[in-house]
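Only one structure is covered here, and it is reproduced in the block below.
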Amino acid sequence: MPEEVQKGLEDVVALASRITFIDGNEGRLVYEGYDIRDLAERSTFEEVAYLLWYGRLPSATQLRDLKERLRPLREIPEELRALLARLPASAGPMDALRTAVSALAILEPGETKTGESSIGGALRLTAALPTIVSEQNRRRQGLEPLPLRPELDHAAHALYLLTGREGNALENRSLDVALILHADHELNASTFAARVTASTLSDLYSAITSAVGTLKGPLHGGANERVMELLRAIDTVDRVEPVIKEKLARHERIMGFGHRVYKVEDPRATILRVWSQRLGEAAGNLRWYDLLRKVEEVVHREKGLYPNVDLYSGSVYTLLGIPDDLFTPLFAMSRVAGWTAHVLEEYEDLRLIRPVAQYVGPNHLAYVPIAERPD
Ligand code: ACO
């Protein structure tokens, strides 16, 4: 029996997977053999979802078929719409999403047979998540849900649902790229949670409910919201240096920097930096980009830290008109492709995930009857 505890399971190889490869020293991220830079340049979210689910890029016909299958699955059942309408306005979007995925499992029992490696549930959840997030977000503001727009592709449709307006080509493409970049990231905490749930032979929807609950935690999802908070507080480029230095002197962490796996720049940050600039230029608003460039310069000089995916993503979403508290649900809308791919992979080669703990509590205590225990 191993004696040493690897806190946080850091560097523990927990399972074999063919889905995603990360080289943290070279700054490479690879889905099913394809470099993320090629996928972000040339692919679409639907194509990447197909790649993660089937292990190969689709032909033109296969991609068209996938899109046709996804479109009707954007509609959610009346019972779920009624549930979302009844949630208190104070419900956070991630709490609502977790509840909705769990409720959908009850409403669609055909998709939730335990331990089945069906692609149907993966498609259903990927198509339905934007509708769920949009509907709850509007209901909590006293707004009616938006009519769905079947003619729009996934990213364009998600942007329309989150903002209530149709994006232009540049905006739609920027969200498409962000969805591609977030679609999978090997054994991150939420994906691991999904695989642990699936490894008990539980169903796909239960696994994704676990994943949504895990992504909700601020150490996993949510750093980009805090980057935007920081930028708003800093306000002007000349204040970046003193504010960051002060934070570092207080040993505070600067959100959007550092990574457990990447020891160089996160390749997703490199790509999103370009999109932040492009969108800023198109909007005539380089405020966020200029602030971020300066923050990067100061943090690298002072701490030698590199940006992670969360540094620039918030500025991209803000320029698209997406509110801060929908950033993590948006992450879920993309990562659901990876979560479901991992659950399907888990079912193919299933072994109950059950590590061991090093016991550090007392042992061999004599039992004292309750009447004899001191108050
Ligand atoms: N700001 C300041 N210092 C930092 C930061 C940061 N963002 N990240 C790491 N460090 C410092 C730590 O203080 C520590 O310094 P020390 O050795 O002097 O104490 C050293 O770098 C190592 O840090 P660890 O916490 O051991 O590194 P770990 O691999 O556990 O942390 C993590 C990775 C959690 C992402 C960390 O870098 C962090 O907190 N970053 C800010 C939050 C963030 O941006 N999260 C999003 C990550 S991407 C994603 O999940 C989608």
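The values are calculated or read from the model by the stated rules, or taken from the named source; none is laboratory data. Predicted, not measured: the structure shown is a model, and the values here were computed from it. Cβ: placed from backbone, ideal geometry, glycine included. Neighbour counts: every protein chain shown.
Among what's in the stretch 162-178 and is under 17 Å from Ile132 (Cβ atoms) and surrounded by fewer than 24 Cβ atoms within 10 Å (Cβ to Cβ), pick the residue that is nearest to the ligand (Cβ to nearest atom).
In this case the residue turns out to be Thr163.
Where in the stretch 21-138 are the helices (runs of 4 or more DSSP H), entirely inside, with at least 3 residues that are within 18 Å of Ala337 (Cβ to Cβ)?
In the stretch 21-138, the matching helices (runs of 4 or more DSSP H) lie at 36-42, 45-54, 60-70, 93-107.
Checking the conditions here, which among Thr214, Thr236 is modelled with pLDDT of 95 or more, loosely packed, with under 15 Cβ neighbours inside 10 Å and among the hydroxyl-bearing types (Ser, Thr, Tyr)?
Thr236
For (1) without any contact (Cβ under 8 Å) to a residue 12 or more places away in the chain; (2) of a type in the set (Gly, Ala, Ser), each residue gets a yes or a no:
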{"residue": "Phe192", "(1), (2)": "no, no"}
{"residue": "Ser199", "(1), (2)": "no, yes"}
{"residue": "Asp203", "(1), (2)": "no, no"}
{"residue": "Gly213", "(1), (2)": "no, yes"}
{"residue": "Pro218", "(1), (2)": "yes, no"}
{"residue": "Arg232", "(1), (2)": "yes, no"}
{"residue": "Asp238", "(1), (2)": "yes, no"}
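Could we say that Glu252 is in the same structural domain as Gly284 (by TED's automatic domain parsing), in contact with a strand residue (DSSP E or B) (Cβ under 7 Å, 6 or more places away or on another chain) and either part of a loop (DSSP other than H, G, I, E, B) or closer than 25 Å to Ile322 by Cα (or both) here?
Considered against the rule, which asks whether it is in the same structural domain as Gly284 (by TED's automatic domain parsing), in contact with a strand residue (DSSP E or B) (Cβ under 7 Å, 6 or more places away or on another chain) and either part of a loop (DSSP other than H, G, I, E, B) or closer than 25 Å to Ile322 by Cα (or both), Glu252 comes out as no.
What number goes with the only condition from (1) outside any helix (DSSP H, G or I); (2) within 16 Å of the chain's Cα centre (by Cα); (3) not aromatic (Phe, Trp, Tyr) that Leu179 does not pass?
Checking Leu179 against (1) outside any helix (DSSP H, G or I); (2) within 16 Å of the chain's Cα centre (by Cα); (3) not aromatic (Phe, Trp, Tyr), the one that fails is (1).
Okay, residues lined up against (1) more than 14 Å from the ligand (Cβ to nearest atom); (2) more than 18 Å from the chain's Cα centre (by Cα):
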| site | (1), (2) |
| --- | --- |
| Arg287 | yes, yes |
| Leu291 | yes, yes |
| Val295 | no, yes |
| His300 | no, yes |
| Pro307 | no, no |
| Asp310 | no, no |
| Ser313 | no, no |
| Asp324 | yes, no |
| Phe327 | no, no |
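Of everything in the stretch 8-39, what is of a type in the set (A, V, I, L, M, F, W, C) and more than 16 Å from the ligand (Cβ to nearest atom)? Give them in sequence order.
Across the stretch 8-39, the qualifying residues are Val13, Ala14, Leu15, Ala16, Ile19, Phe21, Val30, Leu39.
Looking at (1) within 14 Å of the ligand (Cβ to nearest atom); (2) under 16 Å from Arg335 (Cβ atoms); (3) of a type outside the set (D, E, K, R), find the lone condition where Met255 falls short.
(2)
Just give me the residues in the stretch 272-285 being closer than 23 Å to Glu229 by Cβ and either more than 14 Å from the ligand (Cβ to nearest atom) or not assigned by TED's automatic domain parsing to the domain that holds Leu230 (or both), in sequence order.
Answer for the stretch 272-285, where residues must be closer than 23 Å to Glu229 by Cβ and either more than 14 Å from the ligand (Cβ to nearest atom) or not assigned by TED's automatic domain parsing to the domain that holds Leu230 (or both): Arg273, Trp275, Ser276, Gln277, Leu279, Gly280, Ala283, Asn285.
If Asp310 satisfies all but one of (1) surrounded by 20 or more Cβ atoms within 10 Å (Cβ to Cβ); (2) within 17 Å of Leu170 (Cα to Cα); (3) charged (D, E, K, R), what's the number of the condition it fails?
(2)
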